[in-house]
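Written out below as structure tokens is the structure these notes cover.
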Amino acid sequence: MSVRVLLASFAFVVLYALAVWIGGSIAVNRGWQQAREGIEIRVWSNGLHVDFVLPIATRHVDWRAFAPLQNPSGPNEWQGYINLGWGDHDFYVLTPTEADFSYAVAGKAIFWPTAAVMHLKYLPWMPEPGERCVKLVLNDEEYQRLVTYVQRSFALQDGRPKRIAGACYGTDDAFFEAVGSYHLFSTCNNWANAALKTAGVRTALWAPLEYAVFRHLENR
């Protein structure tokens, strides 16, 4: 490898790190405050993906009807919440937990634009607030904007989300084709951050990494 290539690679890493730091440091929607009463959600990370945990049904949307599982009338009916996230197809499908992490899959996702997916999982509970989980209370308008952003992230066919056959972790989740592609400048964290910005929540200007998403959020 030539010296020029090494220098160019080093410069790129430095500039990207600088952009991450600057984008993560600058807050948008600075005046936002949580609603005293409203719809409670979670911004949640499993260490790999920043997702949202939302009520499974409100007057804004019933997720069971919008993007049903293969067997929506089965044992999932009683579960009251849904975990939703956007990400790289291979990385999302093949790495359900940190223990499944693969540098090869992660490298491909980061350095080469790849197909994106939406992941949907039913939950019987909301995760407790903590280091990787922030409780937010949104008013009606804010929640509607968040829901609309998430819905528009699904690729549609004949007006319905396109489910990916055979792609799931278990019986209570599913993967759907998504709008956009995953790469170094468009990550699952960027997606979650952009959703929060659209809703009007105080968050980072740009957040390709997990820490930047949570940096401006507070549990109340």
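The values are calculated or read from the model by the stated rules, or taken from the named source; none is laboratory data. Values in this document were obtained by computation on a predicted structure and should not be read as measured data. We place every Cβ from the backbone using ideal geometry, glycine too, and count neighbours over all the protein chains shown.
Flag set for Arg59, criterion: surrounded by fewer than 16 Cβ atoms within 10 Å (Cβ to Cβ), more than 19 Å from Trp44 (Cβ to Cβ), modelled with pLDDT of 55 or more and not hydrophobic (A, V, I, L, M, F, W, C).
Taken together, Ala167, Ala192, Ala116, Ala178 contain a single residue that is in contact (Cβ under 8 Å) with a residue 12 or more places away in the chain, crowded, with 23+ Cβ neighbours inside 10 Å, not aromatic (Phe, Trp, Tyr) and not in a strand (DSSP E or B), which is Ala192. Scanning the range 70-88 finds one or more residues that are modelled with pLDDT under 80 and buried (at least 16 other Cβ atoms within 10 Å of the Cβ). Pro208 passes every criterion in (1) at pLDDT 90 or above; (2) touching a Gly at 6+ places or on another chain (Cβ under 8 Å); (3) under 24 Å from Trp21 (Cα atoms); (4) crowded, with 17+ Cβ neighbours inside 10 Å apart from (1). Among the residues of the range 150-158, are any farther than 20 Å from Ala27 by Cα, touching a Cys at 6+ places or on another chain (Cβ under 9 Å) and at pLDDT below 95? No: zero hits.
Here is a yes/no grid of residues against (1) of a type in the set (Val, Ile, Thr); (2) farther than 27 Å from Phe185 by Cβ:
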residue: Ala116; (1), (2): no, no
residue: His119; (1), (2): no, no
residue: Met126; (1), (2): no, yes
residue: Val134; (1), (2): yes, no
residue: Glu141; (1), (2): no, yes
residue: Gly159; (1), (2): no, yes
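Residue by residue, here is whether (1) surrounded by fewer than 20 Cβ atoms within 10 Å (Cβ to Cβ); (2) on the phi < 0 side of the Ramachandran plot; (3) at pLDDT 50 or above holds:
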| site | (1), (2), (3) |
| --- | --- |
| Phe91 | no, yes, yes |
| Ala99 | yes, yes, yes |
| Ser102 | yes, yes, yes |
| Ala109 | no, yes, no |
| Leu120 | no, yes, yes |
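Scanning the range 14-69 for residues that are among the charged types (D, E, K, R) and either part of a strand (DSSP E or B) or without any contact (Cβ under 8 Å) to a residue 24 or more places away in the chain (or both) yields Glu40, Arg42, Asp51, Arg59, Asp62, Arg64. Note on the range 200-220: residues that are small (Gly, Ala, Ser) and either touching a Phe, Trp or Tyr at 6+ places or on another chain (Cβ under 7 Å) or assigned to a loop (DSSP other than H, G, I, E, B) (or both) amount to 2. Only a single criterion out of (1) surrounded by fewer than 13 Cβ atoms within 10 Å (Cβ to Cβ); (2) among the charged types (D, E, K, R); (3) modelled with pLDDT of 90 or more is not satisfied by Arg42, namely (1). Against the list (1) farther than 18 Å from Tyr122 by Cα; (2) crowded, with 17+ Cβ neighbours inside 10 Å, the condition Ile26 fails is (2).
Mind listing just one residue for me: the one in the range 132-164 that is in contact (Cβ under 8 Å) with a residue 12 or more places away in the chain and in a loop (DSSP other than H, G, I, E, B) and, of those, surrounded by the most Cβ atoms within 10 Å (Cβ to Cβ)? Here the residue is Ser153.
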